[in-house]
Amino acid sequence: MTAKRSKRAGQAFHGIFSACDPQLTFSTGAQKIDSTLQDPKKVYSFWLPLLVLVSLTLVTQLVSVSFTSDQNFAEIVLPSTIALLLVSTPLAALGLSLGSRIGLGAPLLTELLMRSPGALRQVASVTALAAGIGLPIGLFLWLLRFATAEFQPPELLDLGHRGVTGGILVSISAAIGEEVWLRLGVMTVLSWILVRAIGQHDLTPRIAWTAIVVSALAFGAIHLPQLAAAGAATSVGITGTMLGNTLVGIACGWLFWKHGIISAIAAHFAIDVILHVMPALLS
């Protein structure tokens, strides 16, 4: 790596620490914080989307856990809340702040919050597109799981079957939480680092696809501990989990790149409804 590129990479990593809000640095002081909070554009493009996304992630995850967990909810609600906030808040904040600089983030959510003319129509159009992509992928993965059932560990086939209500709750919580963490968070941060490190000013297709694939692989990897806990971490189980979730991650990553976080959440939900609800309906 040349000295110039190394310097760019160092600047990219250094910039993350002051990136939760482009106007907030350690040297600005209370005056700039106040002016930022009073800036309508910043409120609608950063603070309100941050509040909405973190709140939705927290609420849907807790509701899902309360319904599907065998543990006493009263005993796990506080540590679960703290853990969710510690993960979701910085990832969403970085994603919204850094994403606004390279064309990623939550543009339609901002338009909705601002009550912009035509915002609902745009959301409906993007949601329909996302469902049109997500439902066939979910159906393909479900049929593939069914067709290869004899080669899979029985624990893998039982994993994720929580009944109709549980399946819907898990589909909602996973769609919101995992897209906020992996697409808005990881994919955006990685994209911004690559843009800065390479010396670009915009998000190029090559950088975008690199971030999409890496975040999709990370998405697959975070499901492996659950696989191991269920006793299904065989070679077939691991391969199927990685390939299936990577495919989902690539589809959601492309939608996030082109249309923002709402489209990624909608596609993820459409996929998970097929995988988690359809088996319960047919059983």
When residue 196 is run through (1) in contact with a Leu (Cβ under 7 Å, 6 or more places away or on another chain); (2) farther than 21 Å from residue 251 by Cα, the failure sits at (1)
Return the residue satisfying two criteria in turn: it lies in segment 199-212 and is under 20 Å from residue 254 (Cβ atoms) and touching a residue at least 40 places away in the same chain (Cβ under 8 Å), and of such residues it is farthest from the chain's Cα centre (by Cα).
202
Could you identify the single residue in 83, 128 that is under 17 Å from the mean Cα position of the chain (by Cα) and of a type outside the set (Ser, Thr, Tyr)?
83
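Please verify whether segment 19-28 includes one or more residues that are among the small types (Gly, Ala, Ser) and modelled with pLDDT under 80. Spell out how you get there, then give the answer.
If we filter segment 19-28 for residues that are among the small types (Gly, Ala, Ser), which is where we start, we get 19, 27.
So of that shortlist, the ones also modelled with pLDDT under 80 come out as 19, 27.
Scanning segment 19-28, I find at least one residue that is among the small types (Gly, Ala, Ser) and modelled with pLDDT under 80, so the answer is yes.
Can you tell me how many residues in segment 226-252 are modelled with pLDDT under 95, of a type in the set (Val, Ile, Thr) and part of a helix (DSSP H, G or I)? Reasoning before the result, please.
First, pick out the residues of segment 226-252 that are modelled with pLDDT under 95: 226-241.
Filter once more, so that each one left must be of a type in the set (Val, Ile, Thr): 234, 236, 238-239, 241.
Restricting the remaining residues to those that are part of a helix (DSSP H, G or I) gives 236, 238-239, 241.
Total meeting the criteria: 4.
Hey, any hits in segment 76-85 for a residue that's in contact (Cβ under 8 Å) with a residue 12 or more places away in the chain and under 29 Å from residue 193 (Cα atoms)? First the steps, then the outcome.
Start the filter on segment 76-85 by keeping residues that are in contact (Cβ under 8 Å) with a residue 12 or more places away in the chain, which leaves 77, 80-81, 84-85.
Then drop every residue that is not under 29 Å from residue 193 (Cα atoms), which leaves 84-85.
Yes, segment 76-85 contains at least one residue that is in contact (Cβ under 8 Å) with a residue 12 or more places away in the chain and under 29 Å from residue 193 (Cα atoms).
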Just need a number here: residues in segment 102-114 that are part of a helix (DSSP H, G or I) and farther than 16 Å from residue 43 by Cα.
1
Taking the criterion of being more than 18 Å from the chain's Cα centre (by Cα), among the hydroxyl-bearing types (Ser, Thr, Tyr) and loosely packed, with under 15 Cβ neighbours inside 10 Å, would at least one residue in segment 274-283 satisfy it?
yes
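Here are 251, 266, 270: which of them is surrounded by 19 or more Cβ atoms within 10 Å (Cβ to Cβ), farther than 21 Å from residue 61 by Cα and touching a residue at least 40 places away in the same chain (Cβ under 8 Å)?
Working: 266 fails: farther than 21 Å from residue 61 by Cα; 270 fails: farther than 21 Å from residue 61 by Cα.
The unique qualifying residue is 251.
The values are calculated or read from the model by the stated rules, or taken from the named source; none is laboratory data. Note that the coordinates shown come from a computational prediction; the quantities given were computed from them, not determined experimentally. Every residue, glycine as well, gets a Cβ built from its backbone with ideal geometry; the counts of neighbours run over all protein chains shown.
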